[in-house]
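Engineer: First, the structure itself, so that you have it in front of you.
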Amino acid sequence: MKKILVMLIFLFFLLQNSFAWNFATHEFICEQIYQTNKELNKILDHDQFLRGCNAPDTEFNDQQNHHCYVARQCHVIDTSKIKPNSLAYFSDIEDCVEGSYFDCPAMEKFEEYIEKASENNFSFYVGVSTHYFTDAHVPVHQTMGEDYWKCHIPFEKKIDDNLKSGKRSWTVSVKCEVYFPCEKVKKVSRKCDKGYNVDVIYSYKNIVELIEKTDKTLSKKLDLSYESDYSHLLGRRSTGFFTLIASRIVNFFRILIDFIKG
């Protein structure tokens, strides 16, 4: 009985850590935004912002609001026309409902917490909203029915591992059978009968593009001018956790100097 209980606890925490972008990926995205967007940097508390970036997983125990289905399937997809890194953004699918969201609680939560940020706990809730916005853009959060252990977890773990390595030139690819939602009954989306065997592809460049998109959206929502330049992330020097550690050291000394100055 004790062994079963231990296994259940282990699986619970494993599922928690693997439900969305992994912790390192969320933190990497938020750290880059904090360090690059000078206007946000001035008004955000660094630690509270980073805490919020993983709070839906670590504090809210939210296992329901991470997906974002772009549109329902209205006809068979020609998989030969799929462009790399655009798995859920087939133009023919979006044409079905004129590009609108079919079921996207991740973006709904983004809007909710951006609104909360204007009321209190500003830095924390901006971090939370950033988490949900980036979750909406995980390729395996935009399809349904994929094998969680063979597709979902390996995809996100590969990205996490590459970011930790500090490399800037990488592409991950995981073969998955995916489905699109065909109908929605109340709050539950049901998948179509036909599945597609595709390579889910994502690269470091896609991460940088997502960081830029997230930053622009945050800036617009918070009425800030957008002047961020992320070209430094595409250079040859390594990044990832080494950059995170360095930035935290710099931030520590900045706080220390402010404290000494009184």
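Read the figures in this text as sums done on the coordinates, not as results from a lab. Just so we're clear, the structure is a prediction, and the values are computed from it rather than from any experiment. With ideal geometry, Cβ positions are generated from the backbone for all residues, glycine too; neighbour counts draw on all protein chains shown.
Engineer: Please compute the net charge surrounding Q64, taking Lys and Arg as +1 and Asp and Glu as -1 over other residues with Cβ under 13 Å from its Cβ.
Structural biologist: So the surrounding residues net to -3.
Engineer: Another question, then. Excluding S129 itself, calculate the net charge of residues whose Cβ lies under 10 Å from the Cβ of S129, where each Lys or Arg counts +1 and each Asp or Glu counts -1.
Structural biologist: Here the charged neighbours net out to 0.
Engineer: Given 0.36 nm per residue, what is the gain on full extension from K220 to K164 after removing their alpha carbon distance, in nm?
Structural biologist: 17.2 nm
Engineer: Name the long-range amide H neighbours of K191: under 5 Å, sequence gap of 5 or more, or other chain; modelled H, no Pro or chain starts.
Structural biologist: The list, which skips near neighbours in sequence, is C182.
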